[in-house]
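Enquirer: Please read through the structure below; I'll follow up with questions.
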Amino acid sequence: MAYHRLSVAAAFLAMSLAGPAAEAATVDQFELHTTADYVDICTTPQSDDTYQAAMAFCYGVAVGAYQYYAALAEQSPDYRYVCLPTPPPSRASALADFVGWMKTHQQYLPDRPVDTIFRYLQARYPCGQ
C-alpha cells in the first residue's frame, strides 16, 4: 500500500519541462501543481544553489512515473502505448528533448506533470512505429 502511494505520488510529479525562461526553483514549486512548475524545476540554471536538488527531483519524478507505467504495462501488454528504442535515450537527452517539445506544446503547461510527460512520451515513442 505504501509502495502504491509512493508510485502514484511519483507519477503525479513526473515530466513537463521547458518554460519560456528558466527561473530558480523554490521549495513551493517542488510540490508540482502544474507542468509549468515541473519545467521550472527541470530548467534550473546550474549556477543556482538548488540545481543539484532540482535535477535529482526532476529526474526522480520522470523515472518514477515511467517505472510505474512500465510495471503496469508489463502486467498488461495491452496497456502499453510507449515503446522506447533500444538502447533507450539517456535521462539527460530525454529531458532536453522534453524541454524542446514543451516549447512548442505550451498549452500543456497548466496540466498535471505526469499527464504531460506521457503525452510527450507517446508522441516521441509510440508503439508499432
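The values are calculated or read from the model by the stated rules, or taken from the named source; none is laboratory data. Predicted model, so just to flag it, every value in this text is computed and none were measured. All Cβ positions, even for glycine, are placed from backbone atoms using ideal geometry, and neighbour counts span all protein chains on display.
Enquirer: Could you say whether any residue in the stretch 81-89 is touching a Pro at 6+ places or on another chain (Cβ under 6 Å), surrounded by 12 or more Cβ atoms within 10 Å (Cβ to Cβ), among the β-branched types (Val, Ile, Thr) and at pLDDT 95 or above?
Expert: Here is the first cut: in the stretch 81-89, the residues touching a Pro at 6+ places or on another chain (Cβ under 6 Å) are none.
Looking through the stretch 81-89, none of the residues is touching a Pro at 6+ places or on another chain (Cβ under 6 Å), surrounded by 12 or more Cβ atoms within 10 Å (Cβ to Cβ), among the β-branched types (Val, Ile, Thr) and at pLDDT 95 or above.
Enquirer: Here's something else I'd like to know. Of the conditions (1) surrounded by 15 or more Cβ atoms within 10 Å (Cβ to Cβ); (2) modelled with pLDDT under 95; (3) in a helix (DSSP H, G or I), Leu6 clears all except one; give me its number.
Expert: Here Leu6 clears every test but (1).
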